[in-house]
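Structure, as structure tokens:
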Amino acid sequence: MGIHSRSESSHTPVAIVGAGPAGLMFSHLLHLQGVESVVIEKQSREEVETTVRAGILEQGTINLLRKTGVGERLDREAEIDEGISISIAGESHRIDFAKYTGKHVAVYPQHEVLIDLIAKRLSDSGEVWFNTEVTSIEDHESDNPKVHYRTADGSESVLSADYVVGADGSNSLTRKLITGEDGRRMKHEYPFAWFGMMVHAPQTAPELIYATHPEGFALISTRSESVQRYYLQCNPNDTPGMWPDERIWEQLHLRADSDSVIVSEGEITDKAVLRFRSAVTDPMQRGRLFIAGDAAHTVPPTGAKGLNLAMADICALAPGLVQAVKSLKARC
Ligand code: DHB
């Protein structure tokens, strides 16, 4: 498949900015209801499919992927967890999700969801334009918004749309048009962060461990049988250089080893400081422009909420937009 499958037409019912979970799932849901769209993404397909993010899908997201025909690989490959361990000062306490809620979570990294959604969109002849940057949006308060974009070779063009959806992440360009002069964006910056690592090691435990300790929080998560995802609470101004491997192992064992578990060690292949921010935007619509997912609200990495919230936004927005596009068509 080429980098993009650009249509001849310069009009689309729905232009979607961003090929993250919100943008791709939105395009997929519209397609299932007979509404076509164009997804415009500034990164390459490879970058989108390999960037490491959180890895836990809640039951609502699992159900959505299955119900809409993109859950096959998830069902084959994902680890299903029916609970978590809370470790307090070395003593572990299991919370049984299945027993108390009848629900479970799936360990399935965000980029795997994106790989599945991109493959599905392209096999359904969907338009996903990678390496294409939206430079501005005009006339979104009219009935014919225009999306200006630039391709990798530097050429500029315009896509006209009936509606535009900004799913372009926390540094969203589309949000700035929504907040404008009288919109509001409330933000909070936390006095702590997470130091995130990828580790080539066997799984520490069959389920995730959330550990609390006077030195700070630690999370023992996983990606596969041989790749683990660990987090240590740290100072937001820390840099990876301040966390040599010896310090990491000392702190992971101190904070997360328990009566029943010893954190498994291996080669650390990725280190990054993830700052903790929360933000909400009001309103999430102006004229024919809507925002969804991180573009509208940013959450800290805790609980791997970002992707799951983005999916929830899209489920709320899709039926209304399908109806709006169809009623426009009926009027023509
Ligand atoms: C992961 C991240 C989280 O914030 C969480 O609560 C559980 C898992 C993860 O990246 O694996």
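The values are calculated or read from the model by the stated rules, or taken from the named source; none is laboratory data. Remember, it's a predicted structure, so these values are computed and weren't measured experimentally. Every residue, glycine among them, receives a Cβ derived from its backbone with ideal geometry; neighbour counts consider all protein chains shown. Remember, those area values only see protein heavy atoms, side chains included, never the ligands or the DNA or RNA. Shrake-Rupley method; radii C 1.70, N 1.55, O 1.52, S 1.80 Å.
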### Query
Residue farthest toward the positive end of the dipole of the chain, with Cβ of Lys/Arg at +1 and Asp/Glu at -1: which of Ser155, Ser44, Pro214?
Ser155
### Message
Suppose each label sits 7 Å from its Cα in the direction of the beta carbon; what would the Lys99-Glu77 distance come out to in nanometres?
### Response
3.3 nm
### Query
Against the longest principal axis of the chain, how steep is helix 110-123, in degrees 0 to 90 to the nearest 10, with axes from Cα atoms?
30 degrees
### Message
For the chain, what does the helix formula give at 222 nm: sum of -39500 (n - 2.57) over DSSP H segments with n ≥ 4, over the residue count, nearest 500 deg cm²/dmol?
### Response
-9000 deg cm²/dmol
## Note on the structure
Too long for a 28 Å Cα-Cα cut-off, among Lys103/Lys305; Lys146/Lys305; Lys67/Lys187, are Lys146/Lys305; Lys67/Lys187
## Note on the structure
Label model pair Gln323, Ser170: point-to-point distance (7 angstrom along the Cα→beta-carbon line) in nm is 3.4 nm
### Task
Quick one: grab the alpha carbon gyration tensor of segment 278-329, order the square roots of its eigenvalues as a ≥ b ≥ c, and give me rounded if a/c is under 1.5, else prolate or oblate depending on whether a/b is larger than b/c.
oblate
### Rg in Å to one decimal, and Dmax rounded to a whole Å, for segment 12-74 via C-alpha atoms
12.7, 33
### Query
With all protein chains present, how much of the accessible area of the chain (probe radius 1.4 Å) comes from carbon and sulfur, to the nearest whole percent?
51 percent
### Assigned charges on the beta-carbon of Lys, Arg, Asp, Glu; segment 12-115 dipole about Cα centre (debye)
260 debye
### Task
Any chance you could run the full-extension gain for Asn235 through Leu32? It's 0.36 nm times the residue separation minus the Cα-Cα distance, nm to one decimal.
68.6 nm
### Task
For segment 60-159, count all C-alpha to C-alpha pairs, find those more than 18 Å apart, and express that count as a whole percent of the total.
67 percent
### Query
In degrees between 0 and 90, to the nearest 10, how far off the longest principal axis of the chain does helix 245-256 point, with axes built from Cα atoms?
80 degrees
### Message
If I model the chain as equal point scatterers sitting on the Cα atoms and use the Debye formula, what is log10 I(q)/I(0) at q = 0.10, 0.12, 0.15 Å⁻¹?
### Response
-0.63, -0.88, -1.24
### Query
In square nanometres, what is the average projected area of the Cα convex hull of segment 210-332?
11.5 nm²
### Considering only the chain, percent of DSSP beta bridges that pair antiparallel, nearest 5
75 percent
### Message
Can you tell me the length gained on complete extension of the stretch Glu225 to Asp182, counting 0.36 nm per residue apart and subtracting the Cα distance?
### Response
10.5 nm
## Note on the structure
Karplus-derived 3J(HN,Hα) from phi for segment 300-317 (6.51 cos²θ - 1.76 cosθ + 1.60, θ = phi - 60°), whole Hz, x at Gly and Pro, runs x, x, 3, x, 6, 6, x, 5, 5, 5, 4, 5, 5, 4, 5, 5, 6, 7
### Query
For segment 202-249, what is the accessible area per residue in Å², given a 1.4 Å probe and the full set of protein chains?
45 Å²
### Query
If each of His11 and Arg66 carries a label point 7 Å out from its Cα toward its Cβ, how far apart are those two points in nm?
4.1 nm
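Counting heavy atoms of the protein chains only and a 1.4 Å probe, report the per residue accessible area for segment 1-159 as a whole number of Å².
46 Å²
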### Query
For Arg73, what is the net charge nearby, where nearby means another residue's Cβ is under 9 Å from its Cβ and Lys, Arg count +1, Asp, Glu -1?
-4
